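Participant: Have a look at this one before I ask anything.
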Amino acid sequence: MDAARGSPTAASILPRMPENSEVAPKAVSEALARGAILIDVREQVEYDEARIPGSVLIPLGQLPGRLGEVPTDRDVYVHCRMGGRSARAVDYLRAFGRPNAYNVTGGIEAWDEVGLPVER
């Protein structure tokens, strides 16, 4: 709260994603093998160019309207190209009842760099 005005500050409404919300691509790959879900928040054209097998496309701008598609009972990993959009998506998901949402560090670029599969 902003004590001077008695209103919530931007930071109190949507705090910045904690450090433990970032997960390395190889650890995410292992989690997916155990039943976690992977959401791609890039745009359709980006997804059509390259995608992580098994990922579900929900562009960042569509996330509020498609929140019901994101499970509450499983770990959810979110990626974009480099990690910026997915960090915002994880902040949103955590604010709306998905505390098990995690950002894929470095996005699909880092995923590809460590040799994990990418469909083109």
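Participant: Any residue in segment 93-103 that is at positive phi and either in contact with a strand residue (DSSP E or B) (Cβ under 8 Å, 6 or more places away or on another chain) or of a type outside the set (K, R) (or both)? Before you say what the answer is, go through the steps one by one.
Facilitator: As a first pass, look at segment 93-103 and keep what is at positive phi: 97.
Subset that is either in contact with a strand residue (DSSP E or B) (Cβ under 8 Å, 6 or more places away or on another chain) or of a type outside the set (K, R) (or both): 97.
Yes: one or more hits.
Participant: Please count how many residues of segment 23-41 are touching a helix residue (DSSP H, G or I) at 6+ places or on another chain (Cβ under 7 Å) and not β-branched (V, I, T).
Facilitator: Looking only at that region, the number is 3.
Participant: Further, regarding this structure: Of the conditions (1) touching an Asp or Glu at 6+ places or on another chain (Cβ under 8 Å); (2) within 19 Å of G35 (Cβ to Cβ), G106 fails just one. Which one is it?
Facilitator: (2)
Participant: What helices (runs of 4 or more DSSP H) completely inside segment 34-120 contain at least 1 residues that are of a type outside the set (V, I, T) and under 13 Å from the mean Cα position of the chain (by Cα)? Outline the logic, then answer.
Facilitator: Values: elements: 44-49, 84-95, 107-113.
In segment 34-120, 84-95, 107-113 are the helices (runs of 4 or more DSSP H) which contain 1 or more residues that are of a type outside the set (V, I, T) and under 13 Å from the mean Cα position of the chain (by Cα).
Participant: Just to be sure I understand the filter: pairs with C-beta atoms under 9 Å, separated by 6 or more residues or on different chains, first member in segment 56-71 and within 15 Å of V104 (Cβ to Cβ), second member of a type in the set (D, E, K, R) and in a helix (DSSP H, G or I). Which pairs pass?
Facilitator: V56/E69; I58/R66; I58/E69; L60/R85; L60/R88
Participant: Taking segment 32-49 as the region of interest, how many residues are buried (at least 16 other Cβ atoms within 10 Å of the Cβ), touching a residue at least 12 places away in the same chain (Cβ under 8 Å) and under 14 Å from Q62 (Cβ atoms)?
Facilitator: First, the residues of segment 32-49 that are buried (at least 16 other Cβ atoms within 10 Å of the Cβ): 32, 36-43, 46-47.
From what's left, touching a residue at least 12 places away in the same chain (Cβ under 8 Å): 32, 36-43, 46.
Checking which are under 14 Å from Q62 (Cβ atoms) leaves us with 39-43, 46.
Summing the residues that are buried (at least 16 other Cβ atoms within 10 Å of the Cβ), touching a residue at least 12 places away in the same chain (Cβ under 8 Å) and under 14 Å from Q62 (Cβ atoms) in segment 32-49 gives 6.
Where a number appears in this text, it was derived from the coordinates with a stated rule and is not lab data. Note that the structure is predicted; figures quoted are calculated from it, not measured. Using ideal geometry, Cβ is built from the backbone for each residue, glycine included, and neighbour counts are taken over all protein chains shown.
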